[in-house]
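A short write-up of the structure that comes next.
The values are calculated or read from the model by the stated rules, or taken from the named source; none is laboratory data. Since we're looking at a predicted model, the values are computed, not measured. Cβ coordinates were reconstructed from backbone atoms using ideal geometry, including for glycine residues, and neighbour counts include every protein chain displayed.
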Amino acid sequence: MSTTMDINEIEKKCGNIYEAVIVTAKRARQIHNKIEKEFRKQIGEVENEEDLDEEIVDREKIVKEFDKRDKPSVTAVKELMVGKLHIVQENEEE
């Protein structure tokens, strides 16, 4: 489900909305990759089973379980807003 966010709240947390978008997108990619690895691992374990009918049921359960989770972008924004995600600026060298 989509919700709107107050841009001023994001700006208060980060100082710069554009940096917040970039950092949140990078974190969302990390979360996506982690979820994808976990999904492939679970599906791989199911594919090694002997019973084809049971394999299909197990796959469907796994897919439904992953569909219930928040999208990676939502998770990343939540992390940013509660202070789990920080923006660290590299020092500019002259």
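Out of Glu65, Glu54, Glu94, one residue alone is surrounded by 10 or more Cβ atoms within 10 Å (Cβ to Cβ) and modelled with pLDDT under 70. It is Glu54.
Here Val21 passes the criteria (1) among the aliphatic types (A, V, I, L, M); (2) under 17 Å from the mean Cα position of the chain (by Cα); (3) at pLDDT below 90 except the one numbered (3). For Lys34, the requirement of being over 18 Å from Val88 (Cβ atoms), at pLDDT 90 or above, under 12 Å from the mean Cα position of the chain (by Cα) and part of a helix (DSSP H, G or I) is met.
Counting the residues of region 68-88 that are touching a residue at least 24 places away in the same chain (Cβ under 8 Å) and either over 24 Å from Glu45 (Cα atoms) or loosely packed, with under 11 Cβ neighbours inside 10 Å (or both) gives 10.
Return the pairs, sorted by first residue and then second, in which the second residue is assigned to a helix (DSSP H, G or I) and at pLDDT 70 or above, the first residue lies in region 35-59 and is over 29 Å from Ser73 (Cβ atoms), the beta carbons are less than 8 Å apart, and the residues are 6+ apart or on different chains. Correct list of pairs: Glu49/Asp58.
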